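Q: Before I ask anything, here is the structure I am working with.
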């Protein structure tokens, strides 16, 4: 995701951005179709990005199309709309905050918070802890909370995003 966006925005390399966007859509669609927890995260990010008007290039549009097509092809899961709404709202907050220069001028803490998009991380953490509590109490995660390991996968996803950002800066 990050590489596609940077190729498009910073290097103006649209063909590579498009290829990376398509790959992102296919991979995230495949993952989302095979794990409901991934569905919440990727669909939340996708719709949150759409709401915050951050889908601003052909690479984003093709990523969206390939994500939805892959999800339809492999089939999705039944979703808890409240959990999905939490993921969408927190993703949108992160995206809007990330581009808000007013916030950046007001507080270094808020700048760091939105630079690293902590709103959704906190939500995923809480939903994963609630999922763990459900399991420890003998309930299933079908009550709508996320599986406990979801926070680990989400953090790994975020680490890879940051590695891509650092690598791209060196690439420039």
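Each reported figure results from applying straightforward, stated rules to the coordinates on display, with no laboratory input. Note that the structure is a prediction, hence the values are computed from the model and not measured. Glycine also receives a Cβ, built like all others from the backbone with ideal geometry; neighbour counts cover every protein chain displayed.
Q: Filter the range 6-57 down to the residues that are farther than 24 Å from residue 77 by Cβ, free of Cβ contacts under 8 Å to residues at least 40 places away in the same chain and surrounded by 20 or more Cβ atoms within 10 Å (Cβ to Cβ) and list them by number.
A: Answer for the range 6-57, where residues must be farther than 24 Å from residue 77 by Cβ, free of Cβ contacts under 8 Å to residues at least 40 places away in the same chain and surrounded by 20 or more Cβ atoms within 10 Å (Cβ to Cβ): just 20.
Q: Assess whether residue 126 counts as being surrounded by fewer than 14 Cβ atoms within 10 Å (Cβ to Cβ), at negative phi, under 18 Å from the mean Cα position of the chain (by Cα) and not in a loop (DSSP other than H, G, I, E, B).
A: On the way: surrounded by fewer than 14 Cβ atoms within 10 Å (Cβ to Cβ): no; at negative phi: yes; under 18 Å from the mean Cα position of the chain (by Cα): yes; not in a loop (DSSP other than H, G, I, E, B): yes.
The answer is no for residue 126.
Q: With the checklist (1) farther than 21 Å from residue 45 by Cβ; (2) within 20 Å of the chain's Cα centre (by Cα) in hand, flag the one item residue 134 doesn't pass.
A: Condition not satisfied by residue 134: (2).
Q: Determine which single condition residue 119 fails, assuming it passes every other condition in (1) more than 21 Å from residue 55 (Cβ to Cβ); (2) in contact (Cβ under 8 Å) with a residue 12 or more places away in the chain.
A: The one condition residue 119 does not meet is (1).
Q: Which numbered condition in (1) outside any helix (DSSP H, G or I); (2) within 20 Å of residue 160 (Cα to Cα) is the only one that residue 54 fails?
A: Condition not satisfied by residue 54: (2).
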